[in-house]
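The values are calculated or read from the model by the stated rules, or taken from the named source; none is laboratory data. This structure is a prediction, so every number in the text was calculated from the model and none was measured. Positions of Cβ are backbone-derived with ideal geometry, glycine not excepted, and every protein chain shown enters the neighbour counts.
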Amino acid sequence: MKVIEISNITKSFSDKKVLDNLNLSIEKGEILGLLGPSGAGKTTLIKILTGQIKADCGCAKLFGENCDKLSPEVYSNIGVVMDNSGLYGRLSCYDNLKLFAQVFNIDKSYINEVLDKVELVSAKKTPADKLSKGMRGRLILARAILHKPELLFLDEPTSGLDPATTGKIHELIFELKKSGTTILLTTHDMYEATKLCDNVALLNEGKIIEYGEPLSICRKHNPDNSIHILLNDGTKLSLQNSSESADEIKRYFDNNQIVSIHSSEPNLETVFISLTGRSLV
Ligand SMILES: Nc1ncnc2c1ncn2[C@@H]1O[C@H](COP(=O)(O)OP(=O)(O)OP(=O)(O)O)[C@@H](O)[C@H]1O
Ligand SMILES: [Mg+2]
């Protein structure tokens, strides 16, 4: 079942076309990574999908409903983490979530469970204004998942966070996926995209210029398809990745000569920089 369906979406600001006839769909339970250089239109697409702004033409649907006029049922089934997700600064972490729980009629006992998931239990009484950037991000994430939505929009959920906090958020994202949540994620971190996403779409100048499973994309952009070997006498070899190289590689292994052995496919970052000609940050 398609949770998100985007057909021929176009959006311009003044005379600048930001999204150009975009088509994309996301299946239930999928994590899709929307990647692309700064200004590519990722946040704009999320705003269109969540009904915050309107597309100029085309049609986007969440759970089969047009994004221009989403029903309260669909709104109560989505969670959004983005820069403009406001918190009540003077209210504590707990009270921010309590307010939200009241709106969505959620059992208050679940608030502590969610605070635990995002590791904010010890800060539950801290006002949102006094949180660090990473803690604030985690509180916004906590609020986005409090009502157990089936669809989550995460616009750069780990941007600027330390590696340990990022790792915790990755675990949480995997946990949500396991429970069937569909996730649209934007990130500039290609390692994160490779690790988390079932599929990625690379947006550049308003169009999707590459789409697919992260590792398949890397394999596809590997024209050279070779194996790089470093021997213990310092020799560097590049052999064709085919059965013809097998005997030679076996000989190096038999003689304990191999220090390292790598296939030649590029990582996602290299692929995307070469496709866009721009850095992804
Ligand atoms: N409300 C607006 N009015 C005018 N221009 C806008 C508006 N919102 C976005 N833009 C422009 O649309 C383009 C895409 O912006 P958007 O925020 O979608 O990019 P992004 O891919 O999310 O970038 P980043 O990776 O930096 O977050 C940019 O050129 C931006 O200046
Ligand atoms: Mg953005």
Worksheet entry | Complete set of residues in the range 37-50 that are within 9 Å of ligand 2 (Cβ to nearest atom) and over 12 Å from Leu19 (Cα atoms) | Ser38
Fill in: Scope the range 183-212; condition among the small types (Gly, Ala, Ser) and in contact with a Phe, Trp or Tyr (Cβ under 6 Å, 6 or more places away or on another chain); matching residues
Ala201
Worksheet, complete the sentence: Matching residues in the range 42-70 (loosely packed, with under 14 Cβ neighbours inside 10 Å and of a type in the set (Lys, Arg)) number 2
Item to complete: Looking only at the range 67-76, decide whether some residue is within 16 Å of ligand 2 (Cβ to nearest atom), more than 16 Å from Asp155 (Cβ to Cβ), over 17 Å from the mean Cα position of the chain (by Cα) and free of Cβ contacts under 8 Å to residues at least 24 places away in the same chain.
Response: no
Discussion item. Cβ contacts < 9 Å: first residue assigned by TED's automatic domain parsing to the domain that holds Val81 and at positive phi, restricted to the range 27-54; second residue near ligand 2 (Cβ under 9 Å from one of its atoms) and assigned to a strand (DSSP E or B), any location; separation 6+ or different chain. Result?
Written reply: Gly36/Thr186
Item to complete: Say whether the condition of being hydrophobic (A, V, I, L, M, F, W, C) and away from ligand 1 (no atom under 16 Å from the Cβ) is met by at least one residue in the range 8-19.
Response: no
Worksheet item: From the set of residues in the range 27-83 that are out of contact with any Ser or Thr (no Cβ under 9 Å at 6 or more places or on another chain) and of a type in the set (Asp, Glu), which is farthest from Ala142 (Cα to Cα)?
Response: Asp68
Discussion item. Would you confirm, using the coordinates I've provided, whether Lys16 is surrounded by fewer than 18 Cβ atoms within 10 Å (Cβ to Cβ), within 16 Å of ligand 2 (Cβ to nearest atom) and not hydroxyl-bearing (Ser, Thr, Tyr)?
Written reply: yes
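If you check Val114, Val118, which single one turns out to be assigned by TED's automatic domain parsing to the domain that holds Ser85, in contact (Cβ under 8 Å) with a residue 40 or more places away in the chain, within 22 Å of Thr158 (Cβ to Cβ) and surrounded by 14 or more Cβ atoms within 10 Å (Cβ to Cβ)?
Val118
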Worksheet item: Which one is farthest from Gly39 (Cα to Cα), of the residues in the range 178-208 that are surrounded by 15 or more Cβ atoms within 10 Å (Cβ to Cβ) and over 12 Å from the mean Cα position of the chain (by Cα)?
Response: Thr181
Worksheet item: Residues of the range 31-41 being touching a strand residue (DSSP E or B) at 6+ places or on another chain (Cβ under 6 Å) and either surrounded by fewer than 21 Cβ atoms within 10 Å (Cβ to Cβ) or part of a loop (DSSP other than H, G, I, E, B) (or both), which ones?
Response: Gly36, Ala40, Gly41
